[in-house]
């Protein structure tokens, strides 16, 4: 990894928290609003779009690249309850947060009816049924060495920015993801850099740009048809 593990909690502009690094500017979520960013990019443009277009798919399989703070997983769990749909959630992270950090995050206030901390304390590399709507499997693995044993309906591509993890934004990675996707599959990400979009297109994804949340001009939704 191109960074060390000296992490700290930061308050973002919408009152939700994120994680940042002591020795560089990388953060897990936007400083303009962690909650707003996740809701806009991954829930609305990703999961909700897929569900509205393919309401008969049950369960929906979601793959998250970068478990990180657990915010995307928590919002997906909440969405499953709100819409009473079953979701099988897979997430990968090579350097999970320790309890000292994740226990301080204020995401539980988003929906006190769900146990945010249970997402973090759930055993890694095991399939855990959180309730009747949400099943999660977390993999403590490097994406480049990870053999996907499932196919995805929705992908949250939430790796660190290309300047922090350039090896994850390549044509080869997006080719591997599309091979292990159902068709159609929806992939969303906060990164809209030209090189990244070209790598997605070269791998076979249909790439669309959309207005981003506060502080972000554009984001990407890509479709595997």
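Things to note:
- Restricting attention to segment 200-216, the residues that are on the phi < 0 side of the Ramachandran plot and surrounded by 16 or more Cβ atoms within 10 Å (Cβ to Cβ) add up to 7.
Okay, residues lined up against (1) farther than 24 Å from residue 81 by Cα; (2) touching a strand residue (DSSP E or B) at 6+ places or on another chain (Cβ under 6 Å):
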{"position": "132", "(1), (2)": "no, no"}
{"position": "166", "(1), (2)": "yes, no"}
{"position": "176", "(1), (2)": "yes, no"}
{"position": "185", "(1), (2)": "no, yes"}
{"position": "189", "(1), (2)": "no, yes"}
{"position": "198", "(1), (2)": "yes, no"}
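- Flag if residue 107 is buried (at least 20 other Cβ atoms within 10 Å of the Cβ) and free of Cβ contacts under 8 Å to residues at least 60 places away in the same chain: no
- Only one of 125, 58 that is at pLDDT below 95, outside any helix (DSSP H, G or I) and surrounded by fewer than 19 Cβ atoms within 10 Å (Cβ to Cβ): 58
- For segment 134-172, the candidate set comprises residues that are over 15 Å from the mean Cα position of the chain (by Cα) and in a strand (DSSP E or B); within that set, the residue that is nearest to residue 43 (Cα to Cα) is 134.
- Qualifying residue in segment 27-48 (condition: part of a strand (DSSP E or B), modelled with pLDDT of 95 or more and in contact with a strand residue (DSSP E or B) (Cβ under 7 Å, 6 or more places away or on another chain)): no
- Note on segment 181-199: residues that are in a strand (DSSP E or B) and surrounded by fewer than 20 Cβ atoms within 10 Å (Cβ to Cβ) total 3.
- Segment 147-160 - residue that is loosely packed, with under 15 Cβ neighbours inside 10 Å and modelled with pLDDT under 95 and, of those, farthest from residue 193 (Cα to Cα): 149
- Residue 51 farther than 20 Å from residue 168 by Cβ and either outside any helix (DSSP H, G or I) or out of contact with any strand residue (DSSP E or B) (no Cβ under 8 Å at 6 or more places or on another chain) (or both): no
- Residues that are on the phi > 0 side of the Ramachandran plot and either surrounded by 24 or more Cβ atoms within 10 Å (Cβ to Cβ) or free of Cβ contacts under 8 Å to residues at least 24 places away in the same chain (or both), drawn from segment 69-93: 70
The values are calculated or read from the model by the stated rules, or taken from the named source; none is laboratory data. No experiment lies behind these values; they were computed from the predicted model shown. Glycine gets a Cβ as well: all are built from the backbone with ideal geometry, and neighbour counts include every protein chain shown.
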